[in-house]
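Novice: Take this structure, written in structure tokens, and hold onto it; I'll ask about it next.
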Amino acid sequence: MGRPLEVEPASDDLPLENATRSIVVWGPNGSPGKSTLALNLADALAKQGLQVLLLDTDLVSPSLAVQLGVEDQASGISAACKLAREANLDAAQLQRIVVKVSSGSTSFALLPGITGASRWPEITPSAIESILRVSAGIFDVAIFDSASSLEPALRTDAAALSRNELTRHLLASADHALAVAGCDAVSMQRMLRQINDVQKFRAGLPLALVVNRVRDTAFGANPEKQVSQLFAQLAKIEPSYFLYEDSLGHDASLRNGLPVRLAKRRSPYLKGVNLVAAGLQG
């Protein structure tokens, strides 16, 4: 990954040509659509021919397994982190643990999230970095669906780090970061309250603001212009991408456990996702 947050001893960096490129998808509390974007971005990049690893690192409300209809989560991210902590994780073990998600003629790999709220101390930044090192040569891209909270709190006697440290680490170290806000007054206010903190974590690393669920009924004519002006004025940042509302496509996606691309053709939402994928490749 890029620039590690100094929360645990840093390990030796991989040669740049062998490293798995990392993308963190973050959004404030309130379900702005970050998990749905992470899932469909994994599908879009896989369709481009990349080997993609999607990791559910939301230690509060993991949802990717549910969205994709994955029933057996026993060998998910907890198992990978356990092997990493024991220095027993290798390429063969990682390929055994991941869940293969078939999406038409392509596929991507999923590491489902924790199966119980009390298991969050198992998922540490150092274990995640070990997973990334092992993924080199297997996966071109790793996409992290992160939790929302950023404050350094929620410690336990059994955990050396706080529950939110992984999110902070991912935001500070991933090669690319996407900050997702819903296109409504409440969601945008939540983003405005935290975007400065996210920008500080990134400290010069790429950060793209994504506005999700765009619809004319929320802002009237030309919502992209109005939302861009709002963020430029109040946060000195403008959205890089707009994802348009497609409730029918998302309902079909959840109902069938599929990416939106396979659940509904010609989805307006996918046009935006494909632009995000193209931008990350550029």
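The values are calculated or read from the model by the stated rules, or taken from the named source; none is laboratory data. Please read these numbers as outputs of a predicted model, since none were measured by experiment. Glycine gets a Cβ as well: all are built from the backbone with ideal geometry, and neighbour counts include every protein chain shown. Calculation scope for accessible area: heavy atoms of the full protein, side chains included, ligands and nucleic acids excluded. Shrake-Rupley method; radii C 1.70, N 1.55, O 1.52, S 1.80 Å.
Novice: Holding the Cα-Cα limit at 22 Å, pick out from K47/K271; K34/K200; K47/K100; K200/K236; K236/K271; K34/K271 the pairs that are longer than that.
Specialist: Long pairs (Cα-Cα over 22 Å): K236/K271.
Novice: Run the simple label-point estimate for K82 and I138 please: 7 Å along Cα→C-beta, distance reported in nm.
Specialist: It is 1.7 nm.
Novice: Using the Karplus equation 6.51 cos²θ - 1.76 cosθ + 1.60 (θ = phi - 60°), what ³J(HN,Hα) coupling, rounded to whole Hz, does each residue of the range 231-239 give in order, writing x for Gly and Pro?
Specialist: 5, 5, 6, 9, 9, 6, 9, 10, x
Novice: Only Cα pairs under 8 Å and at least 6 apart count here; give the relative contact order of the range 102-235 as a rounded whole percent. The partial results should precede the final answer.
Specialist: Details: 102 pairs, mean separation 24.6, N = 134.
Reported relative contact order: 18 percent.
Novice: Can you give the net charge of the other residues whose Cβ lies under 12 Å from the Cβ of A147, counting K and R as +1 and D and E as -1?
Specialist: -2
Novice: Right, another one. State the antiparallel share, in %, of DSSP beta bridges confined to the chain, rounding to the nearest 5.
Specialist: 15 percent
Novice: Given A177, S22, L132, which one lies farthest toward the positive end of the charge dipole of the chain, if we put +1 on the Cβ of every Lys and Arg and -1 on the Cβ of every Asp and Glu?
Specialist: Toward the positive end, the furthest listed residue is A177.
Novice: Determine the sum of side-chain charges near D197: Lys and Arg each +1, Asp and Glu each -1, restricted to other residues whose C-beta is under 15 angstrom from that of D197.
Specialist: +4
Novice: Calculate for the chain the 222 nm mean residue ellipticity that helices alone would give, adding -39,500 (n - 2.57) per DSSP H run of length 4 or more and normalising by residue count, nearest 500 deg cm²/dmol.
Specialist: Helices in the chain give a 222 nm mean residue ellipticity of -12000 deg cm²/dmol.
Novice: Shifting gears a bit: By its C-alpha gyration tensor, with a ≥ b ≥ c as the square roots of the eigenvalues, how is the range 31-154 shaped: rounded for a/c under 1.5, else prolate for a/b larger than b/c, else oblate? Let's see the in-between values first.
Specialist: Values: a/c = 1.60, a/b = 1.13, b/c = 1.41.
Since a/c reaches 1.5 but b/c is at least a/b, the shape of the range 31-154 is classed as oblate.
Novice: What do you get for the angle between helix 247-256 and the principal long axis of the chain? Use alpha-carbon atoms, 0 to 90 degrees, nearest ten.
Specialist: 30 degrees
Novice: Tell me which residues come under 5 Å, amide H to amide H, from T20 once H is placed; ignore anything under 5 positions away on its chain.
Specialist: Hits under the 5 Å cutoff: A136.
Novice: Another question, then. Tabulate in residue order the Karplus-calculated ³J(HN,Hα) for the range 21-38, using 6.51 cos²θ - 1.76 cosθ + 1.60 with θ = phi - 60°, rounded to whole Hz; enter x for Gly and Pro.
Specialist: So the J values, rounded to whole Hz, are 6, 10, 10, 9, 10, 10, x, x, 4, x, 6, x, x, 5, 5, 5, 5, 4.
Novice: If you average the sequence gap of Cα pairs under 8 Å that are 6 or more apart and divide by the length of the chain, what percent do you get for the contact order? Please report the intermediate quantities before stating the final value.
Specialist: Details: 519 pairs, mean separation 70.4, N = 282.
Relative contact order comes out at 25 percent.
Novice: In whole Hz, what ³J(HN,Hα) sequence does the range 130-145 give by Karplus (6.51, -1.76, 1.60; θ = phi - 60°), x for Gly and Pro?
Specialist: 3J(HN,Hα) across the range 130-145, in whole Hz: 5, 4, 5, 5, 5, 6, 4, x, 10, 10, 7, 9, 10, 10, 9, 8.
Novice: How big is the convex hull of the Cα atoms of the range 62-106, per residue, in Å³?
Specialist: Spread over its residues, the Cα hull of the range 62-106 gives 79 Å³ apiece.
Novice: Report which label in (i) 171; (ii) 124; (iii) 133 holds the value of volume of the Cα convex hull per residue in Å³ derived from the coordinates of this structure.
Specialist: (ii)
Novice: Here's something else I'd like to know. Could you state the orientation-averaged shadow area of the convex hull built on the Cα atoms of the range 49-88, in nm² to one decimal?
Specialist: That works out to 4.0 nm².
Novice: Rank P223, Y269, L68 by how far each Cα sits towards the positive end of the charge dipole of the chain (+1 on Lys, Arg Cβ; -1 on Asp, Glu Cβ) and give me just the farthest.
Specialist: Looking along the dipole axis, the top candidate is P223.
Novice: What is the set of long-range amide H partners of V180 at a cut-off below 5 Å, with H atoms built 1.01 Å from backbone N?
Specialist: W26, G27, V210
Novice: Right, another one. Does the range 161-282 come out rounded, prolate or oblate, given a ≥ b ≥ c as the square roots of the eigenvalues of its C-alpha gyration tensor, rounded meaning a/c under 1.5 and, failing that, prolate meaning a/b above b/c? Intermediate values should be presented prior to the final figure.
Specialist: Details: a/c = 1.80, a/b = 1.27, b/c = 1.41.
Oblate is the answer for the range 161-282, as a/c is 1.5 or above yet b/c matches or exceeds a/b.
Novice: For D90 and K271, calculate 0.36 nm times their separation in residues minus their Cα-Cα distance, and state this gained length in nm to one decimal.
Specialist: Working: separation 181, 0.36 × 181 = 65.16 nm, distance 3.68 nm.
Once the chain is fully extended between D90 and K271, it gains 61.5 nm.
Novice: Let me ask you something else. Averaged per residue, what accessible surface does the chain expose to a 1.4 Å probe, in Å²? Walk me through the numbers before you get to the answer.
Specialist: Details: 12720 Å² over 282 residues.
Computed with neighbouring chains in place, this is 45 Å² per residue.
Novice: Let a ≥ b ≥ c be the square roots of the eigenvalues of the Cα gyration tensor of the range 197-264; is it rounded (a/c under 1.5), or, if not, prolate (a/b larger than b/c) or oblate?
Specialist: Since a/c reaches 1.5 but b/c is at least a/b, the shape of the range 197-264 is classed as oblate.
Novice: Just how large is the dipole of the chain about the Cα centre, in debye to the nearest 20, putting +1 at every Lys and Arg Cβ and -1 at every Asp and Glu Cβ?
Specialist: Dipole of the chain, to the nearest 20 debye: 700 debye.
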